[in-house]
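Presented below is the structure to which this report refers.
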Amino acid sequence: EKGGFPHFMLKEIFEQPAALQNTVSPRVKDGHIDLAIPLTESQLAGFKQIHIVACGTAMHAGIVGKYLIEKLARTPVNVDVASEFRYRDPILDKDDLVVIISQSGETADTLAAMRLAKQRGAHTLAVVNVVGSSIAREADSVLYTWAGPEIAVASTKAYTVQLSIMYLLAFKLAACKGTIDAAQEADYVAQLCAIPQLLEKVLETSSRYEELAKQYMHAEDMFFIGRGLDYALSQEGSLKLKEISYIHSEAYAAGELKHGTISLITDDMPVIALGTQQRLLEKMVSNIKEVKARGANVLFICYEGYEGADEFADNVIYLPLSSDIFAPLASIIPLQLFAYYISSLKGCDVDKPRNLAKSVTVE
Ligand code: F6R
């Protein structure tokens with residue numbers, strides 16, 4: 001049942017290109033996006049504010065969604081964890097879109113947050129993997145992620161397909177609002193459709209992560225740093241490591257380090273630094289040099305062709321070239337494999353980490 005893989009998690013990491021393809025291709029026709037939801041183009045263009053509400057990894061997909069939607073469609077997006085949103089008396093009205101993201105479709109806090117949004121008259125759009133689940137049944141609109149069953153408790157392929165829906169939604173909202181034109185929509189769609197091949201290339205290098213894991217598996221703490229979309233990915237990379245390897249880690253916006261956390265960077269502290277955002281690369285590199293100067297052991301993730309990375313990083317992972325906005329789909333794989341091999345080499349129960357449940361149906 002594990003298809004020759006030692007764990008479901010590794011199998012599911014390798015299923016990501018196919019899951020992405022299955023989620024994206026039914027919604028793309030001749031360079032245009034058809035979401036097949038009961039909302040007209042003018043309704044999609046008319047939302048004044050968007051809230052994305054979810055828990056854990058699904059919430060991390062929402063953070064990427066915020067960057068994409070705000071950048072392309074210029075609509076303000078608020079991302080919140082469901083357990084905070086539901087008790088905060090959020091400002092919601094009829095012109096708002098509330099996007100609910102959930103792999104299982106049964107997470108108690110997420111379901112309650114969606115019910116609250118419905119009560120307040122907002123349109124609820126659920127991004128769900130399990131067909132017929134509670135969230136899918138109650139939402140006004142549903143976009144299924146076609147990842148297939150996810151068995152490992154740590155979410156991998158469900159996250160990637162949630163991201164792919166965030167891309168489709170951002171492109172669609174932008175096209176409806178006219179902040180991108182039809183040619184740009186077609187171009188973005190073509191780039192998204194080419195991602196599965198790019199992911200196959202990243203997966204071909206998977207054996208390297210076992211070596212890297214050996215170097216870092218004895219650490220007690222780690223930091224993940226990045227800017228922009230890389231910061232969003234740092235948060236997911238840090239969660240993956242914590243939940244399955246039991247190594248404490250923190251994700252930090254790289255520019256925020258010097259406001260406190262840099263005091264924790266001492267000799268040999270592993271810092272996983274993401275540098276896929278070209279616009280922010282120079283600033284990122286100076287943050288890396290700052291931690292390096294304090295003794296950090298830096299694992300740097302950047303595009304191939306970036307020269308000079310090994311002058312300031314102890315290890316470098318080169319990703320096949322992608323454009324800044326699509327980078328999260330590629331850079332998540334190194335973070336997943338890094339966490340996976342550390343957990344597996346430490347002898348942890350990779351697929352069933354202690355104290356965690358696949359579906360959290362109590363708050
Ligand atoms: C982390 C993980 C959890 C879930 C969270 C939400 O790997 O799996 O953080 O993402 O419990 O679950 P769903 O998406 O089922 O609502």
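The values are calculated or read from the model by the stated rules, or taken from the named source; none is laboratory data. Bear in mind the structure is a predicted one, so any value in this text is a computation, not a measurement. Neighbour counts run over all protein chains shown; Cβ positions are idealised from the backbone, glycine included.
Observations
- Hits in segment 52-76 - residues which are in a helix (DSSP H, G or I), within 16 Å of the ligand (Cβ to nearest atom) and in contact with a strand residue (DSSP E or B) (Cβ under 7 Å, 6 or more places away or on another chain): Ala58, Met59, Ala61, Gly62, Ile63, Gly65
- Subset of segment 147-166 [surrounded by fewer than 21 Cβ atoms within 10 Å (Cβ to Cβ) and in contact (Cβ under 8 Å) with a residue 60 or more places away in the chain]: Gly148, Ile151, Val153
- For segment 102-117, the criterion of being touching a helix residue (DSSP H, G or I) at 6+ places or on another chain (Cβ under 6 Å) and of a type in the set (D, E, K, R) is satisfied by at least one residue.
- Of the residues contained in segment 337-350, one or more are found to be surrounded by 18 or more Cβ atoms within 10 Å (Cβ to Cβ), within 16 Å of the ligand (Cβ to nearest atom) and under 30 Å from Val189 (Cβ atoms).
- Residue in segment 17-25 that is more than 28 Å from Val360 (Cα to Cα) and either without any contact (Cβ under 8 Å) to a residue 60 or more places away in the chain or more than 17 Å from the chain's Cα centre (by Cα) (or both) present: yes
- Close pairs (9 angstrom Cβ cut-off, 6 or more residues apart or separate chains): part of a loop (DSSP other than H, G, I, E, B) and hydrophobic (A, V, I, L, M, F, W, C) in segment 293-313, surrounded by 17 or more Cβ atoms within 10 Å (Cβ to Cβ) and modelled with pLDDT under 95 anywhere: Ala296/Ile265
- Pairs, first in contact (Cβ under 8 Å) with a residue 12 or more places away in the chain in segment 227-243, second of a type in the set (Lys, Arg) and surrounded by fewer than 24 Cβ atoms within 10 Å (Cβ to Cβ), C-beta under 7 Å, six or more apart: Arg227/Lys283
- Residue match in segment 329-338 (condition: farther than 13 Å from Gly226 by Cα, of a type outside the set (A, V, I, L, M, F, W, C) and part of a strand (DSSP E or B)): no
- Here Lys283 clears all of (1) within 16 Å of the ligand (Cβ to nearest atom); (2) closer than 22 Å to Lys71 by Cβ; (3) free of Cβ contacts under 8 Å to residues at least 60 places away in the same chain except the condition numbered (1).
- Enumeration of residues in segment 102-141 that are within 14 Å of the ligand (Cβ to nearest atom), among the hydrophobic types (A, V, I, L, M, F, W, C) and either touching a strand residue (DSSP E or B) at 6+ places or on another chain (Cβ under 9 Å) or free of Cβ contacts under 8 Å to residues at least 24 places away in the same chain (or both): Leu111, Ala113, Met114, Ala126, Val127, Val128, Val130, Val131, Ile135, Ala136, Ala139
- Where a residue in segment 205-218 is in a loop (DSSP other than H, G, I, E, B) and its partner, wherever it lies, is aliphatic (A, V, I, L, M), with Cβ under 6 Å and at least six apart: Ser206/Leu337; Met217/Ile342; Met217/Leu345
- Failed condition for Val271, given (1) crowded, with 24+ Cβ neighbours inside 10 Å; (2) touching a His at 6+ places or on another chain (Cβ under 8 Å); (3) not in a helix (DSSP H, G or I): (2)
- Of all residues in segment 160-191, those being within 22 Å of Ile52 (Cβ to Cβ) and away from the ligand (no atom under 16 Å from the Cβ) number 16.
- Residue selected from segment 117-128 under the condition over 13 Å from Asp93 (Cβ atoms) and of a type in the set (A, V, I, L, M), by the criterion surrounded by the most Cβ atoms within 10 Å (Cβ to Cβ): Val127
- Some residue of segment 129-138 being out of contact with any His (no Cβ under 8 Å at 6 or more places or on another chain), surrounded by fewer than 22 Cβ atoms within 10 Å (Cβ to Cβ) and β-branched (Val, Ile, Thr): yes
- Every condition in (1) out of contact with any helix residue (DSSP H, G or I) (no Cβ under 8 Å at 6 or more places or on another chain); (2) within 11 Å of the ligand (Cβ to nearest atom); (3) not hydroxyl-bearing (Ser, Thr, Tyr) is met by Ala152 except one, and the failing one is (1).
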